[in-house]
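The values are calculated or read from the model by the stated rules, or taken from the named source; none is laboratory data. Note that the coordinates shown come from a computational prediction; the quantities given were computed from them, not determined experimentally. Cβ: placed from backbone, ideal geometry, glycine included. Neighbour counts: every protein chain shown. Each accessible area value is taken on the protein alone, full model and side chains, heavy atoms only, with ligands, DNA and RNA left out. Shrake-Rupley method; radii C 1.70, N 1.55, O 1.52, S 1.80 Å.
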Amino acid sequence: LILRQVLHGDFMGDLDNYLFHFLQNLRTPWADHLMVFVTQFGEQALLATVLIGGSLWLTWKGNTKAALHWIAVYAGAGILTFVLKYSAQIARPIEYYSGYSFPSAHASMSLVVYGFLALLVAREILFKHRWLPYSIAGLIVMAIAFSRLYLGAHWFSDVLGGITLGLFWAALIGIAYDRHPAPRLPVKSTLGVAAVIMLLAGGIHVQRNFSQDLAKYAPRIEVQALSRDAWVSGYWQQLPDYRIDLEGHNEQPMNIQWAGSLQRLRVLLERKGWHTPPRPVPSSALNWLAPQPDITSLPVLPQVHDGQHHELLLVSRPDSLDQLTVLRLWPAHIEISDTPAPVWVGTVSYLLLDRKLPLVSALRTAIDFNTPLAALQAALDQDVHSRAVQRPAAVSQHIDWNGKVLLTWEKRDM
């Protein structure tokens, strides 16, 4: 039924597209790291290592029948997955690597490896406790399956098909194994050996491949080229007017756009007293508990816009002792073809000391976005080209923004 929907139905295709775009819009750098780590435990090399190591252990302990059934379920699911992939020939949502998408081999093969191990263990324990190995295996498999959806490596129908195929084959071979007598399995030692193999192989695999996989699964974003006149004369309006975050609240206007090198902008502002704040670390987080902290000692936390951390973070301390001016810039995925130079979109705001929570002092963004932008414009006025443009003013009691956006770009004769 799933395969028929994938090939000829509308419902599954609509659901696939909806979930794909929904999850891509939720991507953040931290979640990318976690999901790449999780998905590596569904890689075929690691699964085969767990299977071979566990089967050799079972054979050595006299449980040859269990080992052969485990190998059979892996081989059967692998053949079925391969046949379906090259029969259906469904393209992946994002072409991270060659091969077809339906069904998900990560989902089907991780289910038969971890799921059949749970089945072997469940046979040896009391009925009322059998939910435990199945639940642990299920959590591992579902985490791997979700990582494939989050990273955009598979459609939802691919994952659903892989899980269904794995369940079918594991149940079929499991029934065959369960209906024939077999020597009792040493549950604790088998689980211990399987866990050690999975952790060791997984650790080695992650150490060797994590950086490459993180780059491979990075969000694919197209960079658009246009002239500076096109950007200044109107295209700037196509860029987001508010920071896009998970909450979806329009409470942080993107009031500056910069075309040029971030390093050049950093140098210009450092001459005017701006600096890069220290990275948040556990020791600086302890300053949140200080009764009267210096505002410069409190960590400036990173922010996410459209699934990405800022590429530039600079702060300055104006004459007022209870606030910082902060500039954050994110890539706009536009390049000015005349120069060439990338375009960055960002926000200039104040950070105030917030003591609303008892015993905790933290930094919060002030509602005034007009004054800090004017301060930044004055700091850059002699060193860059700039043009003030206008969006509709914010109508909100949570922010004070007159709609002004500052377009800035490098002076090429400097």
Failed item in (1) surrounded by 19 or more Cβ atoms within 10 Å (Cβ to Cβ); (2) in a helix (DSSP H, G or I); (3) not hydroxyl-bearing (Ser, Thr, Tyr), with Gln263 passing the rest: (1)
Any hit, the range 151-173, residues being open to solvent by less than 10 Å² (accessible area, probe 1.4 Å), assigned to a loop (DSSP other than H, G, I, E, B) and at positive phi: yes
Residue selected from the range 82-108 under the condition within 19 Å of Phe41 (Cα to Cα) and in a loop (DSSP other than H, G, I, E, B), by the criterion farthest from the chain's Cα centre (by Cα): Pro103
Any hit, the range 290-302, residues being modelled with pLDDT of 90 or more and either open to solvent by 20 Å² or more (accessible area, probe 1.4 Å) or touching a strand residue (DSSP E or B) at 6+ places or on another chain (Cβ under 9 Å) (or both): no
Residues (touching a helix residue (DSSP H, G or I) at 6+ places or on another chain (Cβ under 9 Å) and open to solvent by 40 Å² or more (accessible area, probe 1.4 Å)) located in the range 73-101: Tyr74, Leu80, Phe82, Leu84, Ser87, Tyr97, Tyr100
Residue check for Thr408: part of a strand (DSSP E or B), over 30 Å from the mean Cα position of the chain (by Cα) and within 26 Å of Ser227 (Cβ to Cβ): yes
Subset of the range 121-150 (residues that are among the aliphatic types (A, V, I, L, M) and either on the phi > 0 side of the Ramachandran plot or crowded, with 16+ Cβ neighbours inside 10 Å (or both)): Val121, Ala122, Ala137, Ile140, Val141, Ala143, Ile144, Ala145, Leu149
Conditions (1) within 30 Å of Arg92 (Cα to Cα); (2) free of Cβ contacts under 8 Å to residues at least 40 places away in the same chain: number failed by Val196: (1)
Selection status of Ile256, β-branched (Val, Ile, Thr), touching a helix residue (DSSP H, G or I) at 6+ places or on another chain (Cβ under 9 Å) and surrounded by 15 or more Cβ atoms within 10 Å (Cβ to Cβ): yes
Any hit, the range 329-345, residues being closer than 30 Å to Ala218 by Cα, open to solvent by 10 Å² or more (accessible area, probe 1.4 Å) and of a type in the set (Asp, Glu): yes
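Would you mind stating whether Ala201 is surrounded by 11 or more Cβ atoms within 10 Å (Cβ to Cβ) and within 21 Å of Thr39 (Cβ to Cβ)?
yes
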Pick from the range 313-360, criterion assigned to a loop (DSSP other than H, G, I, E, B) and among the acidic types (Asp, Glu), ranking: modelled with the lowest pLDDT: Asp319
Condition met for Ala362 (surrounded by fewer than 23 Cβ atoms within 10 Å (Cβ to Cβ), within 17 Å of Trp409 (Cβ to Cβ) and within 30 Å of the chain's Cα centre (by Cα)): no
Cβ pairs under 6 Å, 6+ apart, first in the range 155-183 and charged (D, E, K, R), second open to solvent by less than 50 Å² (accessible area, probe 1.4 Å): Asp158/Ser101; Asp158/Phe102; Asp158/Pro103; Asp158/Ser104
Unique residue being among the hydrophobic types (A, V, I, L, M, F, W, C), under 28 Å from Pro103 (Cα atoms) and in contact with a Leu (Cβ under 7 Å, 6 or more places away or on another chain) when the list is Ile204, Ile173, Ile197, Ile163: Ile163
Residue match in the range 388-402 (condition: of a type in the set (S, T, N, Q) and in a helix (DSSP H, G or I)): no
Unique match (being among the polar types (S, T, N, Q), surrounded by fewer than 21 Cβ atoms within 10 Å (Cβ to Cβ) and farther than 17 Å from Ala170 by Cβ) among Thr64, Thr39: Thr64
Residue in the range 12-32 that is at pLDDT 85 or above and surrounded by 14 or more Cβ atoms within 10 Å (Cβ to Cβ) present: yes
Members of the range 210-247 that are among the small types (Gly, Ala, Ser), surrounded by 12 or more Cβ atoms within 10 Å (Cβ to Cβ) and not in a helix (DSSP H, G or I): Ala218, Ser227
